[in-house]
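The values are calculated or read from the model by the stated rules, or taken from the named source; none is laboratory data. Model, not experiment: these values are computed from the prediction. We place every Cβ from the backbone using ideal geometry, glycine too, and count neighbours over all the protein chains shown. The protein model used for the area step is the full one, side chains on, heavy atoms only, and it has no ligands, DNA or RNA in it. Shrake-Rupley method; radii C 1.70, N 1.55, O 1.52, S 1.80 Å.
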Amino acid sequence: MKNLSDCRVLLVDDAKANLDILVEGLKSEHKLSLALNGEMALQVAARTPPDLVLLDIVMPGLDGYEVCRRLRQMPETAEVPIMFLSSLEEVQNKTRGFEAGANDYLTKPFEMLEVKARVRSLLKAKAYSDAVKEQIASELRVAREIQMGMLPHDFAGMEKAYGVELGAVLEPAREVGGDLYGVCAGAKQRLVLFLGDVSGKGIPASMFMVRAISLARLLSREIAEPERILARLNDELAADNPSGMFVTFLCAVFDPGSGRLTLANAGHCRPVLLRAGEPPVWAVRNLGTALGFEPELAFERTELTLHPGDTLILYTDGVSEAFNPQADCYGNEQLLADSGALAGQSPLAIAAALLQKVRAFAGSAPQSDDIAILALKVGGGSALKEARMTLELHATPEEVMRAVAALQAFGQAQHIPEKSLFGLALALEECASNILNHALQRDARQSFRVSFEHTSGAMVIELRDPGPVFDPTRSPVMEKEANGDDRPPGGWGIQLVRHYTDSMCYQREAGENVLRLTRRLDSPAGQK
């Protein structure tokens, strides 16, 4: 728990004499920050978040009530305790202070002993609250690791055994979530896929989903029909469900010998089927009933024949029901359109690209629900060894960050080590920013392209822009002591790119600058 002597108290009062008294009384016990008006208080709090705010009410410009309200709106100070110190002593003044978000109220003139006692009490409460939150956060991190560890990440064995390609991404809205997917060997040499979404979020939803997936895996070993798997699973969940939770669940069983795919749906989103040369379609017509409500339910069976190159996309409603800041919904039509544009790519690339499209649509809106995507593609008997993704970007800072987010999603889907992905993201942001600022002069009407490719043992990023000729590989290696006047074009940014990649190749092709960055995944680049 944080020591009180390490806690910072922000003192806000337009009267310097009052600040002097508070400083003299508190300086030996806590760290202090000072502000003479409301605007300054907000700036100081944003720059150096305090552990407690002592706030006057009557001040020029922003009064204390408005400062308190704005502090409660700032993420850095939303939960910081605030105590008013004011000469306003009427009940309505105190009531207004508490309504603005204050934790305590003390009228002037005050006794310093009482101020110090209240300060210690508020700081102790905050320190205890912070310690509890950190313990909970630590436990949630462990729970997330356990949950993520339950998911299949290496599909190589399944792909080789069943002649398919597989790819998946999972992004909980909280530390842990109620969306999970599963891939396992089933009865009669079948491949079984699961995807589900539990009602609610957080740890309860996660625990219920773990139970559902574990039971589904056991049932699939002895039952080859997806509708019977769901029926038995529903009976088990409904028989002992005191919390009243339910789960939407989709089960698909693939027979590699005949190419036959059978599906059963328990209230889940309809999967998308992609066939070469055809528009995307829904793989099932009906939603069915969610699991856990009541026993002895029957589920509809759908049969399809998959041909080489056909792809099935399973997803949760965190995809189709994503919202942007204007409260527009991503929706099924957009999902079909975006899925169709990804036809022909590997399942890993499809899952990562679809996640990126949902993120781009949502923009700054907070993620409202867990997101899980699982894709299966029928191949020629072996897994695809490469995956590629290409983005067309406008010359704006937002598009640069969209590219970085797409790289991170692509890398996660490809199971690129986190340390390697971090360095590549920094290198991409630096190079794309150089294109934005120098090659295209921040002209949003112009565009450039970024491609990511995962080959055996390496990640390659390619950037193409129509700007003036510029070869960053010719930039000399800079000495650490070089000052601003000695820096060559590109400055330290190019040195950062060199640090986090193993090779940087440039050439001019068809009037475009083409820069390729390669990072060997078995290389210690970034640790040089």
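What is the number of the single condition among (1) under 18 Å from Leu195 (Cβ atoms); (2) surrounded by fewer than 20 Cβ atoms within 10 Å (Cβ to Cβ) that Ser243 does not meet?
Going through the list (1) under 18 Å from Leu195 (Cβ atoms); (2) surrounded by fewer than 20 Cβ atoms within 10 Å (Cβ to Cβ), Ser243 breaks only (1).
Quick one: count up the residues across the range 188-220 that are acidic (Asp, Glu) and open to solvent by 60 Å² or more (accessible area, probe 1.4 Å). Can you show your working first?
Residues of the range 188-220 that are acidic (Asp, Glu), as a first pass: 197.
If we keep only those that are open to solvent by 60 Å² or more (accessible area, probe 1.4 Å) as well, we get none.
Total satisfying the criteria: 0.
List the pairs whose first member sits in the range 94-113 and is β-branched (Val, Ile, Thr), whose second member is outside any helix (DSSP H, G or I), and whose Cβ atoms are under 9 Å apart, counting only residues at least 6 apart or on separate chains?
If the second residue must be outside any helix (DSSP H, G or I), the pairs left are Thr107/Phe84; Thr107/Leu85; Thr107/Ser86; Thr107/Ser87; Thr107/Leu88; Thr107/Glu89.
Only one of these is touching a residue at least 24 places away in the same chain (Cβ under 8 Å), over 16 Å from Ala405 (Cβ atoms) and open to solvent by less than 40 Å² (accessible area, probe 1.4 Å): Ala427, Ala444, Ala432, Ala439. Name it. Steps first, please.
Numbers: Ala427 fails: over 16 Å from Ala405 (Cβ atoms); Ala444 fails: open to solvent by less than 40 Å² (accessible area, probe 1.4 Å); Ala432 fails: over 16 Å from Ala405 (Cβ atoms).
After applying the criteria, what remains is Ala439.
Can Ala349 be described as touching a strand residue (DSSP E or B) at 6+ places or on another chain (Cβ under 6 Å) and either crowded, with 22+ Cβ neighbours inside 10 Å or closer than 27 Å to Gly202 by Cα (or both)?
Answer is yes for this residue.
Would you confirm, using the coordinates I've provided, whether Ala252 is within 33 Å of the chain's Cα centre (by Cα) and among the hydrophobic types (A, V, I, L, M, F, W, C)?
Numbers: within 33 Å of the chain's Cα centre (by Cα): yes; among the hydrophobic types (A, V, I, L, M, F, W, C): yes.
For Ala252, the condition - within 33 Å of the chain's Cα centre (by Cα) and among the hydrophobic types (A, V, I, L, M, F, W, C) - is met.
Taking interchain pairs and intrachain pairs at least six residues apart, which have beta carbon atoms under 7 angstrom, with the first residue in the range 234-248 and closer than 16 Å to Ala298 by Cα and the second in a helix (DSSP H, G or I) and open to solvent by 30 Å² or more (accessible area, probe 1.4 Å)?
Between residues of the range 234-248 that are closer than 16 Å to Ala298 by Cα and residues that are in a helix (DSSP H, G or I) and open to solvent by 30 Å² or more (accessible area, probe 1.4 Å), the close pairs are Glu236/Leu215.
It is to be established whether one or more residues within the range 311-323 are over 21 Å from Asn234 (Cα atoms), in a loop (DSSP other than H, G, I, E, B) and within 22 Å of the chain's Cα centre (by Cα).
Among the residues of the range 311-323, at least one is over 21 Å from Asn234 (Cα atoms), in a loop (DSSP other than H, G, I, E, B) and within 22 Å of the chain's Cα centre (by Cα), which makes the answer yes.
From the list Leu4, Leu10, which one is open to solvent by less than 50 Å² (accessible area, probe 1.4 Å), hydrophobic (A, V, I, L, M, F, W, C) and at pLDDT below 95?
Leu4
Between Gly309, Gly288, Gly344, which is open to solvent by 10 Å² or more (accessible area, probe 1.4 Å), under 18 Å from Ala413 (Cβ atoms) and of a type outside the set (Ser, Thr, Tyr)?
Gly344
Looking at the range 312-336, which of the residues that are aliphatic (A, V, I, L, M) and touching a residue at least 40 places away in the same chain (Cβ under 8 Å) is surrounded by the fewest Cβ atoms within 10 Å (Cβ to Cβ)? Before the answer, list the steps.
Of all residues in the range 312-336, those aliphatic (A, V, I, L, M) come to 312-314, 319, 322, 327, 335-336.
Checking the rest, the ones that are also touching a residue at least 40 places away in the same chain (Cβ under 8 Å) come to 312-314, 319, 322, 335-336.
On the way: Leu312: 23, Ile313: 24, Leu314: 26, Val319: 26, Ala322: 23, Leu335: 22, Leu336: 17.
Among them, the one singled out is Leu336.
Kindly provide the set of residues from the range 401-460 that are closer than 30 Å to Ala375 by Cα, among the hydrophobic types (A, V, I, L, M, F, W, C) and part of a loop (DSSP other than H, G, I, E, B), ordered by number.
Ile416
Got a number for residues in the range 55-84 being under 23 Å from Ile21 (Cβ atoms) and either over 32 Å from the mean Cα position of the chain (by Cα) or among the β-branched types (Val, Ile, Thr) (or both)? Can you show your working first?
The first filter runs over the range 55-84 and keeps only residues under 23 Å from Ile21 (Cβ atoms), leaving 55-65, 67-68, 71, 80-84.
Restricting the remaining residues to those that are either over 32 Å from the mean Cα position of the chain (by Cα) or among the β-branched types (Val, Ile, Thr) (or both) gives 55-65, 67, 80, 82-84.
Counting residues in the range 55-84 that are under 23 Å from Ile21 (Cβ atoms) and either over 32 Å from the mean Cα position of the chain (by Cα) or among the β-branched types (Val, Ile, Thr) (or both) gives 16.
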